[in-house]
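Notes follow the structure.
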Amino acid sequence: MSLLQFLRILFARRAIILAAMLSCFIVATVTAFLLPKTYTATSRILLGQPDPVSGDAITDRGLGGFAKTQIELMKDYRTAGRVIDALGWARDPGVIARYNESVDTSQIDIRRWLAQTIIDSTEASLINGTSIMEISYSAGTPQEAAQIADLVRDAYLEENLRFRRSGAAKIADWYNEQAGKALAQLRAAEKDRNDYARANGIVLDESNTDLESMKLRALTSESAAASVAAPPVVVQGGGVTRLDELDARIAQMSMTLGPNHPNMLALRRERDMLASAPAPITTGGGSNAGAIESAYQRQKATVLGQSEKIDKLRQLQSEIDLRKDQYTKATARVAEYRLQSNVDDTGIMALADAVIPPKPSFPNIPLVMGGSIGVGLGLGVLLALLTELMARRIRSGDDLSYAAGAPTFAILGVSRKPDSMSAKIIRFLERRKRRREAEMYG
């Protein structure tokens with residue numbers, strides 16, 4: 001079938017096409033006016049604000065996943081339940097009557113039934129290229145749509161805050177439990193260290209150094225000093241000794257320095273080391289370098305003899321340091337999550353309230369009317385072609401040639417009627433076709 005034949009069929013069956021278009025238009029328009037109207041109001045929130053405690057902000061890459069989580073929380077039963085409680089629907093006699101008539105009350109309670117209505121009518125989406133999320137609610141009246149859109153937003157913010165606080169409190173409790181375990185292990189480690197040190201007569205200072213090693217270090221310094229300069233000379237049999245000299249210096253410095261001054265502590269440590277030496281170091285007519293070296297060798301043997309015990313004690317001290325670090329970190333995390341469980345800000349900010357919609361979102365009457373014309377036109381064309389196939393007619397030479405399978409040379413007895421625009425278009429196409437055939441066959 002050529003385009004010209006197709007246009008002739010549509011022109012001949014134009015009444016069917018017009019009837020189909022008009023019918024679809026009337027039915028769709030009447031239906032659109034009779035359908036219950038639905039109004040949609042939109043409320044907005046701003047995501048991606050810095051965390052009020054840690055200061056961390058959500059990156060653009062992670063915003064999509066975060067937004068999906070928030071949408072699911074927004075359409076959760078707990079959020080919708082807050083809206084139902086705020087509206088008071090579960091106590092409304094009319095709503096209770098509809099509930100008793102519509103569902104099996106033994107299968108679902110009224111609050112969950114109403115919450116599902118809120119969930120089904122709520123939509124949320126992230127505006128492209130922004131951190132703003134739109135919360136839309138559809139209802140039968142514009143006032144109800146705007147009211148519930150704001151209630152859904154507020155209920156979501158409250159539920160989000162409750163969820164954050166509850167989660168932070170649970171984590172804080174867990175860290176608090178771990179801190180208690182770390183403290184118990186710390187005390188046990190300290191007890192083991194103290195018992196071992198007491199049993200072996202070893203004392204460690206704050207720098208984790210034992211007393212014997214400190215004495216050896218002092219003797220090392222004395223030996224180095226003796227090799228450079230001669231020590232003080234003392235009188236044999238009642239003269240001044242090194243110990244007496246230290247006592248005199250300590251007494252003199254105590255008049256100007258406190259007992260915890262580093263110089264005072266160093267002098268006392270040196271005096272204790274000399275006092276604990278097996279024999280007093282004097283210069284009975286010669287240098288005391290040999291005596292210092294002898295004391296150094298004896299102290300070195302003492303330190304080497306208890307090196308295994310000192311290593312064991314240091315291992316126990318390392319265990320104490322590890323437990324102390326665990327306890328410190330756990331208590332810090334407890335404080336951080338306790339703070340998060342008490343904050344009133346979730347980093348999500350509510351924007352302007354929903355505006356009462358001026359016109360319904362459904363049905364869209366202009367769209368319905370325009371769509372009905374398009375649907376009616378398509379339906380009319382289809383009906384016209386079906387009618388033509390069931391009652392085929394010859395309306396031109398082309399139809400005759402197509403039916404007979406032979407060329408048509410002339411058409412006789414053509415009636416002359418006032419030309420319509422469609423007829424003029426068809427006649428123009430016929431003349432152009434004949435000219436092409438004449439040019440083709442000479």
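Whether a residue is assigned to a helix (DSSP H, G or I), farther than 30 Å from Leu47 by Cα and at pLDDT below 60 was assessed, and Leu400 passes this test. Against the criterion of being of a type outside the set (Lys, Arg) and modelled with pLDDT under 75, Ala291 qualifies. On the stretch given as the range 118-132, residues that are in contact with a helix residue (DSSP H, G or I) (Cβ under 6 Å, 6 or more places away or on another chain) and either on the phi > 0 side of the Ramachandran plot or in contact (Cβ under 8 Å) with a residue 40 or more places away in the chain (or both) total 4. On the stretch given as the range 118-129, residues that are in contact with a strand residue (DSSP E or B) (Cβ under 9 Å, 6 or more places away or on another chain) and part of a loop (DSSP other than H, G, I, E, B) total 2. Restricting Ile108, Ile135 to those that are touching a residue at least 24 places away in the same chain (Cβ under 8 Å) and either under 23 Å from Thr69 (Cα atoms) or not in a helix (DSSP H, G or I) (or both) reduces the list to Ile135.
The set of residues in the range 337-364 being within 25 Å of Glu134 (Cα to Cα), in contact with a Ser or Thr (Cβ under 9 Å, 6 or more places away or on another chain) and not in a loop (DSSP other than H, G, I, E, B) consists of Ala350, Phe362. Which residue out of Asn128, Asn160 is farther than 12 Å from Ala80 by Cβ, surrounded by fewer than 17 Cβ atoms within 10 Å (Cβ to Cβ) and modelled with pLDDT under 95? Of Asn128, Asn160, the one residue that is farther than 12 Å from Ala80 by Cβ, surrounded by fewer than 17 Cβ atoms within 10 Å (Cβ to Cβ) and modelled with pLDDT under 95 is Asn128.
So that you can scan it fast, the table gives a plain yes or no per residue for (1) on the phi > 0 side of the Ramachandran plot; (2) touching a residue at least 24 places away in the same chain (Cβ under 8 Å); (3) of a type outside the set (Val, Ile, Thr); (4) not in a helix (DSSP H, G or I):
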site: Ala149; (1), (2), (3), (4): no, yes, yes, no
site: Val152; (1), (2), (3), (4): no, yes, no, no
site: Leu161; (1), (2), (3), (4): no, yes, yes, no
site: Arg165; (1), (2), (3), (4): no, yes, yes, no
site: Tyr175; (1), (2), (3), (4): no, yes, yes, no
site: Ala179; (1), (2), (3), (4): no, yes, yes, no
site: Ala184; (1), (2), (3), (4): no, no, yes, no
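Exactly one residue among Ala115, Ala197, Ala189 is assigned to a helix (DSSP H, G or I), at pLDDT below 90, of a type in the set (A, V, I, L, M, F, W, C) and buried (at least 18 other Cβ atoms within 10 Å of the Cβ), and that residue is Ala197.
The values are calculated or read from the model by the stated rules, or taken from the named source; none is laboratory data. Here the structure is a predicted model, which is why all the values come from computation and not from measurement. Using ideal geometry, Cβ is built from the backbone for each residue, glycine included, and neighbour counts are taken over all protein chains shown.
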